[in-house]
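Read the structure below first, then the notes.
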Amino acid sequence: MIVRIMGEGQLRLDDSALAELNRFDDQLGEAIESGDDEKFRSALVALLDAVRASGTPVPDEELVDSDLVLPYAEAHVDEVRAMLTGDGLIPESRTS
Amino acid sequence: MRRRRASLSRKGCLATMGLFQRISMVFRAKADKALDRAEDPRETLDYSYKKQLELLQKVRRGVADVATSRKRIEVQMSQLAGQSDKLQNQAGKALELGREDLAREALTRRSGLTNQITDLQTQHANLQAEEEKLTLAAQRLQAKVEAFRTRKETIKATYTAAEAQTRIGEAFSGISEEMSDVGLAVQRAEDKTAELQARAGAVDELLASGVLEDVTGTAKDDIALELDQMASTNDVELELARMKQELTAGPSGAAPKELEGEAAAPAEEPVAEPKQEGERQ
């Protein structure tokens, strides 16, 4: 499984690591729903740490797309909500 | 659609990571859209490569911009530290002269500066982290762009319509995601730098105007001014005393009796002398 941490690059994770990562998903979902940035940040930072700890960086010259894309650690909860709806995440001109 | 086969097969086990899968879908949709638009996928490869090189330039400019901001903040930090030292010295001098009020004023302003410096230190650390991230992003993107170029040439050399879709899709979606991510990272760095530039401008103005975090609203240099005045008053007194002493110790011995007593032996005329001192001040 390939996971991208935005702004940091991609990591290759064993599928078995997924169970651990899933534990963060509920917390993050709740935090995003509530808009509680503090709660969201602590869950996000914990998730990113777990991913970094169990993942191996994808070599720079390897071209592969990710199964999961995780926000960068400083991303505000509102920004992430915008990412989830696709609003304003990637303006047309950047990649097309 | 091409790439969805793989994604869907993985999707089952990723069902609960719904949130961030959705973000990755946004990235992917972007790549697919660009690819589907082209009549001949090979054109897309060339066009994308051109865009990649442009983005690489942009990231490098981003790194340089962040470095410039960081250096500017370093200069400001050392200027503010200089001001802070100056105020500390002034406070010490004011205390020596028995002006606790002035010392307090100087220390109050100094504490305002200390807050500014702490704020700048935080900004500096942010910029440094940003600079490191962008530098790594530039290296990563460069390696990926190079890999893409190789793949692109291979695909074009062995192009057959049947296999092109799959192979191009694979090369394209990987680099496309990278470009989206790096593009966003540069944008974030630019936003952050612009914000810090504005604040740095304010600090520069502050340094130039000489009005530094002054709670009392008085001009910054009044402490220095008053200390200077006191110091010069003090110098006059010292000089007078020295001159009187010279007169007393003079070889002619012609100095008037009262002056001799005042400068060298105050105890001789204890009553008259304090009055004269008072008049002088």
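Coordinate-derived values only; no laboratory data. Bear in mind that the values here come from a model prediction, so they are computed numbers and not experimental data. Neighbour counts run over all protein chains shown; Cβ positions are idealised from the backbone, glycine included.
How many residues are under 20 Å from B:SER24 (Cβ atoms), within 14 Å of the chain's Cα centre (by Cα) and among the hydroxyl-bearing types (Ser, Thr, Tyr) if we restrict to segment A:40-77?
2
Please pick out the residue among B:LEU120, B:LEU45, B:LEU53 that is surrounded by 16 or more Cβ atoms within 10 Å (Cβ to Cβ), out of contact with any Lys or Arg (no Cβ under 8 Å at 6 or more places or on another chain) and of a type in the set (A, V, I, L, M). Spell out the reasoning first.
Working: B:LEU45 fails: out of contact with any Lys or Arg (no Cβ under 8 Å at 6 or more places or on another chain); B:LEU53 fails: surrounded by 16 or more Cβ atoms within 10 Å (Cβ to Cβ).
Every option except B:LEU120 fails the conditions.
Quick check on segment A:8-26. Is at least one of its residues away from chain B (no Cβ under 11 Å) and more than 29 Å from B:LEU141 (Cα to Cα)?
yes
Would you say B:VAL63 is in contact (Cβ under 8 Å) with a residue 60 or more places away in the chain and closer than 30 Å to B:ALA137 by Cβ?
On the way: in contact (Cβ under 8 Å) with a residue 60 or more places away in the chain: yes; closer than 30 Å to B:ALA137 by Cβ: yes.
Yes: the conditions hold for B:VAL63.
Take segment A:35-83 and flag every residue that is closer than 17 Å to B:LEU184 by Cα and in a helix (DSSP H, G or I).
A:VAL77, A:ASP78, A:GLU79, A:VAL80, A:ARG81, A:ALA82, A:MET83
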